[in-house]
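Please read through the structure below; I'll follow up with questions.
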Amino acid sequence: MTGHIAALGRATLDTLSSIGRAGLFLVQSIFCLPPREGFHLWLRQMHFVGVMSVAIVLVSGLFIGMVLALQGFTILVSFGADEALGQMVALSLVRELAPVVAALLFAGRAGSALTAEIGLMKATEQLTSMEMIGVDPLRRIVAPRLWAGFVSLPILTVLFGVVGIWGGYLVGVDWLGVYKGSYWSNMQDSVNFVDDVLNGVVKSLVFGLVVTWIAVFQGYDLIPTSEGISRATTRTVVYASLAVLGLDFVLTALMFGDLG
Amino acid sequence: MKRNKFLELGVGIFMLAGILGLVFLGLRVSGLGVGMPNDTFTLSANFANIGGLRPQAKVTMSGVRIGEVTDIQLDPKWFDAKVTMQLDSKYDGKLSNDTTAAILTSGLLGEQYIGLTVGGAPDMLRDGDVIHDTQQALVLEELIQKFVSNMAK
Amino acid sequence: MNDPIMVEVKDLHFSRGNTDVFRGVDLQIPLGKITAIMGPSGTGKTTLLKLIGGQLVPDRGQILIDGQDVHQLPRRSLFTLRRRMGMLFQSGALFSDLDVFENVAFPLRVHTELPNAMIRDIVLMKLQAVGLRGARHLMPSELSGGMARRVALARAVALDPELVLYDEPFAGQDPISMGVLVQLVKKVNQALGLTAVMVSHDIKETLSIADYVYIIADGQVMAHGTPQTLNVNEDAHVKQFVHGEPDGPVPFHYPAPDFFDDILAPAGQFS
């Protein structure tokens, strides 16, 4: 019995110290001077983290927009409110689905890749040799990746939203026969740029920071064996996904909680 | 290095796509561009009940958008709702001073907006004037109550 | 030993988690010679290199490099000291996103403001010394293990350091690569007048080029001396290690009940 309690205590202390390490890690990585050719390093990471996630984001956005229109139409038509399809698709995407789903996809694709890459660098002692040569790996390896993730996810979110709305248009207007004018004009009337679009972008900025932070930290902190790498990669996807969903609730409550 | 050129190009296109996407979301999706013109004049109106009217709701005449609601406050003198709106200044001095303002609902359960209807009076409304003839929002519960009490009779 | 001392380790204590890795280790690494640090697996030899390099901090004790206490140095001075050291890791540890040329050029770019033309010359000279000048545009993933280690050696000596630390340089190599590496290490050492600290458990190769050897076991120095003296050392532990004997103070059999009793016992007695 006491053995279990002690184990629980140890686990709590371990978790707390790991969160503390993660926090210090973030602060040290963000507030450090960029290394020479820092812009180039960032650019490279923008490619690996952002550009290479575009395909999955576009395809998913398209399908989600199309399904939203399909499902939404069947429900709205029973209220005679099918003209509201445009605003339904746009609001769902812009406020919730684009930031959240893009972040989840990002965590799975880019997040796990980041963890694995940094973990492999740790396991093959590249990070150690970098330190021995006198270069701080936080500056050269971690910081560019953090900034790339922070900038990429909002862009991916916007692309997701745009493609989703277009997908909704394809299904709603071209296929199901909603009047083209009302799809767009109802949408324009009800979607507010600052309250809806910008709030969605703010969400994606927060998600970008949190997901990339988790991914990079898990890679940096892991036990440098192949088992350690695979466990850390799984942890990145799980923790990042849960964090996104949890933060989404908090942000939504803050942003949209007192509307209407 | 050739690899770098493609990389830079790719990232540049990526970022540009993001910005364009945001512009699209601004203009086509949220109707940002269809915002207020620079020159506006202000009118106000008091309503017994504003229902679900919110600031930034549109103000229309014959269905055409001519302005938006900028402020809704409780009037301390009359204890009703004072709604301030800004209209495109090309209508300054063109609306008769017996123009009515009604709170209408778009669709059955949609959001509420203000619809103006001109009257026939010779004098015109100017910047800062008050619209006197107003029709409050239809509140569903009051409607149902009226219906039920009519049925009971 | 009468040579001047480049690195001195005094009364080193270090523990990781609950285990004591070093319990009072004293070493003296002579200038300009190859010193090997050997011992059974898991005695923390890589940890020792990291302690010398200033990456890990000892619990007690001092490490002096050329008279300077590594762990008391301010950042700037540590950076300058690192310029005088090179380290070669077991896996080569080449940066996977840079090609061979850029890998070797890396320390030069970090520590000096030399123009590109000079950097190019230096890199090509180092690559020539290890025989891989033609491989300069390959990526680390395209190199064999032995080649990667040679590139890593070129990188470790790019700044013409005074001290080089080798972490298991011969582990897992085929005979030809092994031969190449052994020769390179000796050659580079002589050519540059380096002080080399080599951690290894390849007895034959290491003893063939080392000038002085320390054997560490159980967190302390078990024995030290030149390869010749260790070869004839009568101590049971040293003998077992140096000659690779399967049984001795480090027993062959994991503790178990008597063999005949175990086989002949009725089922379930010893299970």
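The values are calculated or read from the model by the stated rules, or taken from the named source; none is laboratory data. All values derive from a computational prediction rather than experimental measurement. Methodologically, a virtual Cβ is constructed for each residue, glycine included, from the backbone with ideal geometry; neighbour enumeration extends over all protein chains shown. To get the accessible areas, we keep the full protein, side chains included, count just its heavy atoms, and leave off ligands, DNA and RNA. Shrake-Rupley method; radii C 1.70, N 1.55, O 1.52, S 1.80 Å.
Listed here are the residues, each with its yes/no results for (1) within 12 Å of another protein chain (Cβ to nearest Cβ); (2) closer than 17 Å to A:Leu93 by Cβ; (3) at pLDDT 85 or above; (4) not in a helix (DSSP H, G or I).
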site	(1), (2), (3), (4)
A:Leu146	no, no, yes, no
A:Gly172	no, yes, yes, no
A:Asp195	yes, yes, no, no
A:Val201	yes, yes, yes, no
A:Thr212	no, no, yes, no
A:Ala232	no, no, yes, no
A:Val238	no, no, yes, no
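I've got another one for you. Of the residues C:Val242, C:Val185, C:Val221, which single one is touching a residue at least 24 places away in the same chain (Cβ under 8 Å), in contact with a strand residue (DSSP E or B) (Cβ under 9 Å, 6 or more places away or on another chain), open to solvent by less than 60 Å² (accessible area, probe 1.4 Å) and assigned to a strand (DSSP E or B)?
C:Val221
Give segment C:115-131 a look and list any residue that's at pLDDT 90 or above and not in a helix (DSSP H, G or I), or say none.
Passing the criteria: only C:Pro115.
Looking at this structure, is C:Leu165 under 16 Å from C:Arg83 (Cα atoms), within 14 Å of chain A (Cβ to nearest Cβ) and aliphatic (A, V, I, L, M)?
yes
Okay, next question. Against the condition β-branched (Val, Ile, Thr), open to solvent by less than 40 Å² (accessible area, probe 1.4 Å) and closer than 23 Å to C:Ile37 by Cβ, how does C:Val164 come out, does it pass?
In short, yes.
Those residues that are part of a helix (DSSP H, G or I) and more than 9 Å from every other protein chain (Cβ to nearest Cβ), I need them from segment A:174-193; list them, please.
Once the filter is applied, which keeps residues that are part of a helix (DSSP H, G or I) and more than 9 Å from every other protein chain (Cβ to nearest Cβ), segment A:174-193 yields A:Asp174, A:Trp175, A:Lys180, A:Gly181, A:Ser182, A:Tyr183.
Look at A:Pro99 and say whether it is under 30 Å from C:Gly145 (Cβ atoms), within 14 Å of chain B (Cβ to nearest Cβ) and in contact (Cβ under 8 Å) with a residue 12 or more places away in the chain.
It is false that A:Pro99 is under 30 Å from C:Gly145 (Cβ atoms), within 14 Å of chain B (Cβ to nearest Cβ) and in contact (Cβ under 8 Å) with a residue 12 or more places away in the chain.
Scan segment B:133-152 and give yes if some residue there is touching a residue at least 40 places away in the same chain (Cβ under 8 Å), surrounded by 13 or more Cβ atoms within 10 Å (Cβ to Cβ), farther than 30 Å from A:Gln87 by Cα and of a type in the set (A, V, I, L, M, F, W, C), otherwise no.
no
Another one. Taking segment B:65-94 as the search range and keeping residues that are within 11 Å of the chain's Cα centre (by Cα) and more than 26 Å from B:Glu142 (Cβ to Cβ), which one is surrounded by the fewest Cβ atoms within 10 Å (Cβ to Cβ)?
Result: B:Arg65.
Please state which one of A:Arg36, A:Arg21 is closer than 28 Å to B:Gly10 by Cβ and either surrounded by 13 or more Cβ atoms within 10 Å (Cβ to Cβ) or more than 22 Å from the chain's Cα centre (by Cα) (or both).
A:Arg36
Counting just the residues of segment A:104-134 that are β-branched (Val, Ile, Thr) and within 9 Å of chain C (Cβ to nearest Cβ), which one comes out farthest from A:Leu222 (Cα to Cα)?
A:Ile133
Go through segment C:99-111 residue by residue and tally those that are of a type outside the set (Lys, Arg), closer than 18 Å to A:Pro35 by Cα and without any contact (Cβ under 8 Å) to a residue 40 or more places away in the chain.
Residues flagged as of a type outside the set (Lys, Arg), closer than 18 Å to A:Pro35 by Cα and without any contact (Cβ under 8 Å) to a residue 40 or more places away in the chain within segment C:99-111 amount to 2.
Go through the residues of segment B:41-62 one by one and say whether even a single one is out of contact with any Ser or Thr (no Cβ under 9 Å at 6 or more places or on another chain), outside any loop (DSSP other than H, G, I, E, B) and more than 9 Å from chain A (Cβ to nearest Cβ).
Yes, there is a match, as at least one residue in segment B:41-62 is out of contact with any Ser or Thr (no Cβ under 9 Å at 6 or more places or on another chain), outside any loop (DSSP other than H, G, I, E, B) and more than 9 Å from chain A (Cβ to nearest Cβ).
Same structure, new question: Checking A:Gly168 against (1) part of a helix (DSSP H, G or I); (2) buried (at least 20 other Cβ atoms within 10 Å of the Cβ); (3) more than 12 Å from every other protein chain (Cβ to nearest Cβ), only one condition comes out false. Which one?
Status for A:Gly168: all satisfied but (3).
Condition first: in a strand (DSSP E or B), β-branched (Val, Ile, Thr) and either farther than 24 Å from C:Pro249 by Cβ or open to solvent by 50 Å² or more (accessible area, probe 1.4 Å) (or both). Now tell me which residues in segment C:188-218 satisfy that.
Scanning segment C:188-218 gives C:Thr195, C:Val197.
From C:Val104, C:Val70, C:Val57, which residue is more than 13 Å from chain A (Cβ to nearest Cβ) and among the hydrophobic types (A, V, I, L, M, F, W, C)?
C:Val57
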